[in-house]
Every structure is written in C-alpha cells, then in structure tokens.
Amino acid sequence: VHVDGVPGELDAEARRAYQRLAELVGPPPISVSTKTESDALHPANAARLLELVGDATRSRDLDRVAPLRFSADVAPAMAARLAERPIDVDALRATAEALAADTDALVVDAGSGLLDPLTDDADMATLIESLALPALLVGPSRAGASLVSSLRLHLEALHHRSIPCAGVVLNRLDKRHRSEEAATPFLLDTVAGDVVLGVMPRLDDLRRDDADHLAQRFNVHVDVDRIQAVMTETAATASRA
C-alpha cells in the first residue's frame, strides 16, 4: 500500500489506503485451533518447571502453575479473545494467592513484558501490583542499546506503578563474548542507578536441565541477597497495609 502526504496528516488518500488495508487484513482469525480448550493444551514450560523443582507433573499441579492456557502464540489478551475465553484477573490473582500460601516463594513470569495486556483494562503490571510482589527484570546480555531502552522503560513503568524493583539480571545466550555485554551493564548502572545484579553465564546444553547446577550458578553470578532483601521489605510493607 502506497500512501502519499505529509507524515502525521491523514489525508483523503491515506484514509482510503488505511480502509483498504483493513479490508484486506480483517480481524484476527478465530479458528478451531485458537478455540482449543485449556484441558487439551499441554503447558510445556509449567511441566518443565515442576520437573526442575522435583515435583510430580500431576494435572492438579499443572493447573495451579498454569491455570490459563491458550493455543495462539500472541499477547494474552489477544489469545483470550481468539479463544473466546476472557481472562478473569481476580480469579487469576486468587489462584496465585492460594499457590503462594502453599509454597516458600511465588514467582510470576510476566511473559513478554510488564505491560503485556491481560484484558482491555489490565496488564501484567496490574496483576503484580495486586499481588504486592516486587519485580525482577531479566534480559539478554547481547541486546545492546535496544535492551537499555527497554529496561529503562520497564523501570519507569515500575516506578510509576509504585512496584518495588529488585534489580536487573542479564542472561548470556551466546558462546562468543560480544562487546555490548560489557557496555550494557555499565550503561544501565550509569543511567538508571545501581540496578544490575549480575550476568548469568551461558550454560552448556546438558546442564540447563540440572536444577542444582542452575541454582548454584545463580547464587554465584547474581546478588541473591539484594533480591531477598527487596522481597522481605515488600512483604513487610504489604502486611502493614
């Protein structure tokens, strides 16, 4: 589609082009696949998590760890819309609270981002805020400038929502060292304060499934004491509220 006109101005030709584009693309397709019921979907990440912590992958445990399952690999709000099963944020929070009461620590994976929408008016930050949880930001160490921008936006969003931030952990994904891997944590600490808690090394493929090895590497390369301090302070603040 070719659109003439000054950027920012929606002239008559641009309107016609946008209208034609909408006609061609149409709404996201709802199909038999996208409407697959939760029980028919296997949450591989949740099952792997339970294996790593030494728990049996019983359906009850999977339902607690992954209470919502959608087949479409898109943002939760869109996946729920395609499945025609709206996300009930209150029910999701209740499930998380019940799980937290039965475990030593609750970790919520925010998926692709803090502002990933769950519904038309709620996102992952809404859920984290309602659960009174601190946030730990994780990103690939090789991302360079784009990572710095993304993490700074996340830090600003956390500050705006008054969500405590434990810090930032960078994760090495490549065997070969890259120049930005040294520049990224330095720049982040310079522009955002002392936020980088460590850089996880790239792990051998054969060791990634070893929970004890993962824990040992995390304890060595990440400042776990600072994470625990923020968790303790957040819990104390929530109990006083």
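The values are calculated or read from the model by the stated rules, or taken from the named source; none is laboratory data. No experiment lies behind these values; they were computed from the predicted model shown. With ideal geometry, Cβ positions are generated from the backbone for all residues, glycine too; neighbour counts draw on all protein chains shown. Just the protein is used for accessible areas: all its heavy atoms, side chains included, with ligands, DNA and RNA removed. Shrake-Rupley method; radii C 1.70, N 1.55, O 1.52, S 1.80 Å.
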Going 7 Å from the Cα of ARG152 toward and past its Cβ, which residues in region 175-217 have a backbone nitrogen under 19 Å from where you end up? 180-197
Antiparallel DSSP bridges in region 132-231: what percent, to the nearest 5? 10 percent
What does the charge count near LEU41 come to, summing +1 for each Lys or Arg and -1 for each Asp or Glu among other residues with Cβ under 14 Å from its Cβ? -1
Pop out the ³J(HN,Hα) list for region 149-166 in order, Karplus 6.51 cos²θ - 1.76 cosθ + 1.60 with θ = phi - 60°, rounded to Hz; leave Gly and Pro as x. 4, 5, 5, 5, 5, 5, 5, 5, 5, 4, 4, 5, 8, 6, 9, x, 10, 6
Of all DSSP beta bridges having both residues in region 67-193, the percent classed as antiparallel (nearest 5) is 25 percent
Mean ellipticity per residue at 222 nm, deg cm²/dmol - from DSSP H runs of n ≥ 4 across the chain, formula -39500 (n - 2.57): -14500 deg cm²/dmol
In sequence order, calculated HN-Hα J values of region 83-94 (Karplus, 6.51, -1.76, 1.60; Hz; x Gly/Pro): 7, 6, 10, x, 7, 9, 5, 5, 5, 5, 5, 4
Please identify which residues in region 188-204 have an amide N closer than 18 Å to a label point set 7 Å out from the Cα of ASP223, following the Cα→Cβ vector. 188-201
Gyration tensor verdict on region 74-229 (Cα atoms; rounded if a/c is under 1.5, prolate if a/b is larger than b/c, oblate otherwise): prolate
Regression test value, accessible area per residue of the chain, probe 1.4 Å, units Å², expected 63 Å²
For GLY167, residues with placed amide H under 5 Å, excluding near neighbours: LEU137
Please report Rg over Rh for region 73-147, where both radii come from the alpha carbon positions and Rh follows the Kirkwood definition. 1.01
Based on the Kirkwood radius over alpha-carbon pairs, what is the Stokes-Einstein translational diffusion coefficient of region 157-228 at 20 °C with 1.002 mPa s viscosity, in µm²/s? 156 µm²/s
Heavy-atom SASA rank of ASP205, ASP11 (probe 1.4 Å, accessible area, largest first): ASP205, ASP11
What residue among ALA75, SER179, SER38 has its Cα farthest toward the positive end of the dipole of the chain, where the charges are +1 on Lys, Arg and -1 on Asp, Glu, each on the Cβ? SER179
Measure off, as a whole percent, the carbon and sulfur share of the 1.4 Å-probe accessible area of the chain, all protein chains present. 54 percent
Using a Gaussian network model on the chain with a 10 Å cutoff between Cα atoms, which of HIS42, HIS154, HIS177 fluctuates the most? HIS177
Mind listing the long-range amide H neighbours of ASP123? Cut-off is under 5 Å, sequence gap 5 or more, other chains count too, H placed in the peptide plane at 1.01 Å from N. LEU118
